[in-house]
Amino acid sequence: MIEVNELTKRYGRHPAVSGISFRVEQGGIVGFLGPNGAGKTTTLRMLTGYLPPTSGTASVAGYDVFRDSIAARRSIGYMPENVPLYGEMRVREYLNFRARIKGVTGGDVRRRVGDVLETCGLTGVRRKMIKTLSKGYRQRVGLADALVHDPGLLILDEPTNGLDPTQIRQIRELIRRLGEHHTVMISTHILSEVQMVAGRVIIIDEGRIKADDTPANLIDEMRAAGRLQVEIQGDGEVVAGALGRLNGVKKVVPDVLGGDWCRYLVWVASDGDVREQVADLAARHGWPLRSLFLHQATLEDVFVELTRKD
C-alpha cells in the first residue's frame with residue numbers, strides 16, 4: 001500500500017527528513033511516532049502530496065505521490081491534526097460537499113455519506129451545524145471526511161488531540177474497527193493508544209527511522225526492559241549490593257526516603273521477574289519490606305529510550 005525509498009526533505013540546509021525508507025502492506029494499523037520536530041508531519045505531508053520532497057520516492061497503491069498525485073490522493077484519506085471544517089454547514093451537508101469534491105458521483109454520494117455517518121457515530125447529529133458540535137464530534141466529522149471516498153489508506157495525524165478520556169476511548173475503538181478494512185497510519189503522542197491498537201510501530205527521530213517493528217518486539221528488545229520498585233529498611237549499600245547480585249538483575253539505583261528506609265529501582269531483563277527472590281532475600285536478612293512493585297515496560301519506555309539525547 002505504501003512504498004517509501006530514500007525520502008528526503010530539506011528546508012535550506014536543515015534536513016527535516018533524511019533518506020527514510022519503509023514499506024506498509026495492505027491492511028492493519030501502523031503507528032508513526034516521534035518527538036516534536038522529528039519529521040513525522042513532514043513525512044505525512046509528503047505522502048499525501050502536500051509537500052514535494054527534496055529527493056527520494058514514495059508511492060501509495062502503486063501510484064507515485066509526486067508524478068501521479070491525483071491517482072495517489074484518491075487512495076488516501078487524510079485527517080490533519082487541526083481538522084479544517086466549515087462551521088456554518090450542517091454535518092450531512094458538509095459531507096455531501098466533501099464527497100463530491102473527492103470525485104464521488106450520483107447515487108454513490110448518498111450511500112457513502114450514509115455509511116460514514118453510521119461508521120463514525122454521527123447519525124444523531126447529521127442535521128446539526130458543525131460549529132455547535134463538541135470537540136469529540138468535530139473530530140468524528142473530520143474522520144468521516146477522510147473516509148467518505150472509501151480510500152484504501154487512512155493517514156491520521158493526532159486524531160485524539162484535545163479529547164477527554166471517554167472521547168479518546170471511543171475514537172480508539174473506531175480506529176481499531178477501521179483497521180479491519182483499511183490500512184491506517186496513525187501519528188500521535190499518546191503512546192498507550194498506539195500500543196493498544198497498532199500491529200506495527202515506526203519511530204522516527206531527527207529525520208531518521210530509529211525503530212520499525214511490532215510493539216511487543218520493540219518492548220522485548222528494549223535495553224533495561226523491566227523495572228522493579230522496592231522499599232526496604234536496612235543499610236543502603238548492603239541492600240543495594242545484595243539486590244544487584246540477584247540473577248536477572250541488570251542495575252540497582254537506590255533513593256533514600258528517610259531514616260533507614262530506602263527505595264530501590266531494580267532494572268531487570270525483559271522477561272525478568274525477581275519479586276520472589278527479593279522477598280526471600282529480605283526475609284533471610286531480616287530486612288523489613290514495605291513495598292514491591294514490578295513495572296512492565298511499555299511503548300512509552302521504548303520511545304524514551306530510543307529518542308533521548310543523553
Provide the FRET efficiency to the nearest 0.05 for the Ala283-Asp255 pair, computing r from the beta carbons and using R0 = 25 Å.
0.65
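Taking GluC sites (Glu not before Pro) as exposed when DSSP calls them loop (any state but H, G, I, E, B) and at most 16 other Cβ atoms lie within 10 Å, what is the longest stretch of the chain free of them, the sites themselves excluded? Let's see the in-between values first.
On the way: sites that count: Glu25, Glu81, Glu88, Glu180, Glu206.
Answer from the scan: 207-310.
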Projecting the Cα atoms of Leu257, Ala282, Phe293 onto the charge dipole of region 253-310, where Lys and Arg contribute +1 and Asp and Glu -1 at Cβ, the residue farthest towards the positive end is Leu257
If you take every residue apart from Arg67 with its C-beta less than 15 Å away from the C-beta of Arg67, what net charge results, scoring Lys and Arg +1 and Asp and Glu -1?
-1
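When the convex hull of the C-alpha atoms of region 179-233 is computed, what volume per residue in Å³ does it have? Each step should come with its number before you reach the end.
Details: hull volume 7.5 nm³, N = 55.
Value for region 179-233: 137 Å³ per residue.
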Tell me, what are the semi-axes, in whole angstrom and largest first, of the equivalent ellipsoid of region 239-310 as set by the roots of 5 times the Cα gyration tensor eigenvalues?
25, 15, 11
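Of the listed peptides 59-66, 106-113, what is their order by residue-averaged count of other C-beta atoms within 10 Å, with the highest listed first? Mind showing how you got there, number by number?
On the way: 59-66: 18.9, 106-113: 14.5.
Highest-to-lowest ranking by the protection proxy: 59-66, 106-113.
Could you work out the percent of alpha carbon pairs in region 14-67 separated by over 12 Å, rounded to a whole number? Before the final figure, lay out the partial values.
Working: 986 of 1431 pairs.
Value for region 14-67: 69 percent of Cα pairs lie more than 12 Å apart.
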Sites Arg208 and Met129 - FRET efficiency at Förster radius 45 Å, r taken between beta-carbons, to 0.05
0.50
Counting Lys and Arg as +1 and Asp and Glu as -1, each charge on the Cβ, what is the dipole of region 224-307 about the Cα centre in debye, to the nearest 20?
140
Within region 2-220: Cβ-based charge dipole about Cα centre, in debye rounded to nearest 20 (Lys, Arg +1; Asp, Glu -1)
920
By DSSP, what percent of the beta bridges with both residues in the chain are antiparallel, rounded to the nearest 5?
70
Computed from the coordinates I sent, Rg/Rh (Cα atoms, Kirkwood Rh) equals one of (1) 1.34; (2) 1.11; (3) 0.96. Tell me the label.
(2)
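Bear in mind that the values in this text are calculations on the coordinates, not laboratory data. Bear in mind that the values here come from a model prediction, so they are computed numbers and not experimental data. Using ideal geometry, Cβ is built from the backbone for each residue, glycine included, and neighbour counts are taken over all protein chains shown.
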